[in-house]
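Single-structure report; data block below.
The values are calculated or read from the model by the stated rules, or taken from the named source; none is laboratory data. These numbers come from a predicted model, not from an experiment. So basically every Cβ, Gly included, is an ideal-geometry build from the backbone, and we count neighbours across all protein chains shown. These area figures cover heavy atoms from the full protein model, side chains too; ligands, DNA and RNA do not enter into them. Shrake-Rupley method; radii C 1.70, N 1.55, O 1.52, S 1.80 Å.
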Amino acid sequence: MKMAKVFLILSLVFLHLMSPICTLPLAPALYVFGDSLFDSGNNNFLPTFVRANFLPYGSDFANGSTGRFTNGRTIADFIAEYLGLPYSPPYLSSKGPSSLTGLNYASGSCGILPDTGSILGECLNFEEQINLFQRTIEKDLPQMLNNSTQLSKHLSESIYLISIGSNDYINNYLETMYYNTSKLYLPKPFAKLLISNLSQQFERLYKLGARKMIFFDIGPLGCIPSISRTHAHEGDCIEEINQIVSYFNERLPFLLKNMTSNLPASTFVLGHANSLGYDAIKNPSTYGLIDASNPCCTTWGNGTSGCIPMSKPCINPNKHFFWDGYHLTEAVYSIIAYGCLYDRSACTPLNIQELVKM
């Protein structure tokens with residue numbers, strides 16, 4: 001609890017920092033992969049129902065509704081600020097030369113598996129995101145860097161943020177109306193399937209030149225309103241669903257440690273978003289929160305979906321855990337980002353502050 005109070009005080013300061021902490025960047029670039037937790041606008045350019053380019057999304061963001069699925073900044077944005085880099089722009093928004101300081105390939109509703117989220121429209125799954133990153137390396141970056149040595153240095157010193165896997169449960173395994181995945185796999189074999197696919201994509205990133213990678217585990221899905229409000233249960237969360245997700249999360253430490261050991265000069269960091277988020281839900285006041293169960297914005301389906309366009313959000317989003325039926329508020333993202341930047345218990349075996357010095 002003492003550590004949580006330290007997180008609260010320092011993350012509140014962090015939350016109100018609008019300019020980079022340093023004048024010289026701590027890394028050449030920040031490359032972002034994942035789903036709607038990190039999407040900064042890629043889905044705006046895809047034929048999909050899953051978009052956030054309208055108010056009240058972005059109501060507390062300097063540039064307004066950009067396609068971020070929250071009221072303000074994401075974890076990736078806070079980390080970009082710390083590194084002294086611009087926010088990584090969505091890859092699909094790039095009409096000219098690629099950004100040398102990083103790009104965001106994340107896409108809402110997608111996951112590790114190619115079929116995840118397909119019922120909601122087009123999105124970029126993890127493999128497709130890495131395909132676009134490969135295109136960046138082969139076609140765009142050589143135009144801005146003089147030679148292959150500079151390119152390798154750029155890639156090896158950059159930071160890679162990844163948060164993906166939630167939708168493989170929300171928009172696949174747990175979605176029994178449209179998917180039969182849960183009939184094909186018991187929870188543990190399904191987790192192994194995800195880990196196997198994830199491992200292959202990590203190896204691809206490494207072969208492309210990535211060396212400093214941070215992967216965030218899946219949050220407590222049994223607690224999010226879109227799930228907890230649509231299933232009968234006792235207490236704040238559906239612990240059976242949290243248990244199903246834990247089979248995936250429990251395999252991550254070994255996977256990332258094994259990657260670091262077997263891939264020379266690589267460092268894979270695990271971000272513990274699940275434990276930090278679960279503790280904040282169970283002990284909200286410890287983190288300066290008041291409401292850890294209701295979405296801040298007015299949503300369709302009694303708090304179980306996305307925000308209703310142009311609706312007015314709650315007056316104190318920084319006191320809420322959930323922004324809509326799926327996503328978190330900027331305040332919670334700042335707590336997770338701060339923990340991963342400075343604390344070894346939130347990001348292991350290194351925090352980001354240590355990672356950039358390697």
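With respect to Leu193, is the statement that it is crowded, with 20+ Cβ neighbours inside 10 Å and modelled with pLDDT of 95 or more true?
Here the answer is no, as Leu193 does not meet what is asked.
Does any residue of segment 176-199 turn out to be within 19 Å of the chain's Cα centre (by Cα) and aromatic (Phe, Trp, Tyr)? Break it down into steps so the answer makes sense when it comes.
The initial filter retains those residues of segment 176-199 that are within 19 Å of the chain's Cα centre (by Cα), namely 191, 194-195, 197-199.
Subsequent filtering for residues that are aromatic (Phe, Trp, Tyr) retains none.
No; the residues of segment 176-199 include none that is within 19 Å of the chain's Cα centre (by Cα) and aromatic (Phe, Trp, Tyr).
Looking at (1) crowded, with 18+ Cβ neighbours inside 10 Å; (2) farther than 18 Å from Ser226 by Cα; (3) not small (Gly, Ala, Ser), which is the only condition Asp324 fails?
Going through (1) crowded, with 18+ Cβ neighbours inside 10 Å; (2) farther than 18 Å from Ser226 by Cα; (3) not small (Gly, Ala, Ser) one by one, Asp324 breaks only (2).
Looking at segment 167-178, can you tell me whether even one residue there is open to solvent by less than 10 Å² (accessible area, probe 1.4 Å), in contact with a Phe, Trp or Tyr (Cβ under 9 Å, 6 or more places away or on another chain), closer than 21 Å to Gly209 by Cβ and touching a residue at least 40 places away in the same chain (Cβ under 8 Å)?
no
Have a look at Leu141, Leu113, Leu100, Leu92 and point out the one that is of a type in the set (A, V, I, L, M) and open to solvent by 60 Å² or more (accessible area, probe 1.4 Å).
Selected residue: Leu100, the only one of Leu141, Leu113, Leu100, Leu92 that is of a type in the set (A, V, I, L, M) and open to solvent by 60 Å² or more (accessible area, probe 1.4 Å).
Could you tell me which of the residues Ser311, Ser334 is surrounded by 18 or more Cβ atoms within 10 Å (Cβ to Cβ) and touching a residue at least 24 places away in the same chain (Cβ under 8 Å)?
Ser334
How many residues, within segment 337-358, are closer than 19 Å to Gly219 by Cβ, in a helix (DSSP H, G or I) and either open to solvent by 10 Å² or more (accessible area, probe 1.4 Å) or basic (Lys, Arg) (or both)?
Count: 1.
Of all residues being open to solvent by 10 Å² or more (accessible area, probe 1.4 Å) and in contact with a Gly (Cβ under 8 Å, 6 or more places away or on another chain) in segment 47-58, which is farthest from Gly108 (Cα to Cα)? Just the residue, please.
Of everything passing the filter in segment 47-58, Leu55 is farthest from Gly108 (Cα to Cα).
Only residues in segment 32-50 that are over 17 Å from Glu330 (Cβ atoms) count as the first member; pair them with residues that are among the charged types (D, E, K, R), Cβ under 9 angstrom, at least 6 apart or cross-chain, and list the lot.
Note: pairs meeting the criteria are Asn43/Arg51; Asn43/Glu122; Asn44/Arg51; Leu46/Glu122; Pro47/Glu122; Thr48/Glu122; Val50/Asp39.
Within segment 103-118, which residues are free of Cβ contacts under 8 Å to residues at least 60 places away in the same chain and in contact with a helix residue (DSSP H, G or I) (Cβ under 8 Å, 6 or more places away or on another chain)?
Correct list: Pro114, Thr116.
Is there a residue being among the basic types (Lys, Arg) and without any contact (Cβ under 8 Å) to a residue 60 or more places away in the chain anywhere in segment 91-100?
yes
Can you find a residue in segment 332-344 that is at pLDDT below 95, under 30 Å from Ser156 (Cβ atoms) and within 19 Å of the chain's Cα centre (by Cα)? Spell out how you get there, then give the answer.
Within segment 332-344, the subset at pLDDT below 95 is 343-344.
Filter again for under 30 Å from Ser156 (Cβ atoms), leaving 343-344.
With within 19 Å of the chain's Cα centre (by Cα) added as a condition, the list becomes 343-344.
Checked against the condition, which is being at pLDDT below 95, under 30 Å from Ser156 (Cβ atoms) and within 19 Å of the chain's Cα centre (by Cα), segment 332-344 yields at least one hit.
Within the bounds of segment 35-51, is there any residue that is of a type outside the set (Ser, Thr, Tyr), out of contact with any helix residue (DSSP H, G or I) (no Cβ under 8 Å at 6 or more places or on another chain) and under 24 Å from Tyr160 (Cβ atoms)?
Within segment 35-51, one or more residues are of a type outside the set (Ser, Thr, Tyr), out of contact with any helix residue (DSSP H, G or I) (no Cβ under 8 Å at 6 or more places or on another chain) and under 24 Å from Tyr160 (Cβ atoms).
Starting from segment 130-141, keep only residues that are more than 16 Å from Thr101 (Cα to Cα), then list their pairs with residues that are of a type in the set (Lys, Arg) whose Cβ atoms are within a distance under 6 Å, requiring at least 6 positions of separation or different chains.
As it stands, the answer is Ile130/Arg204, since those pairs meet every condition given.
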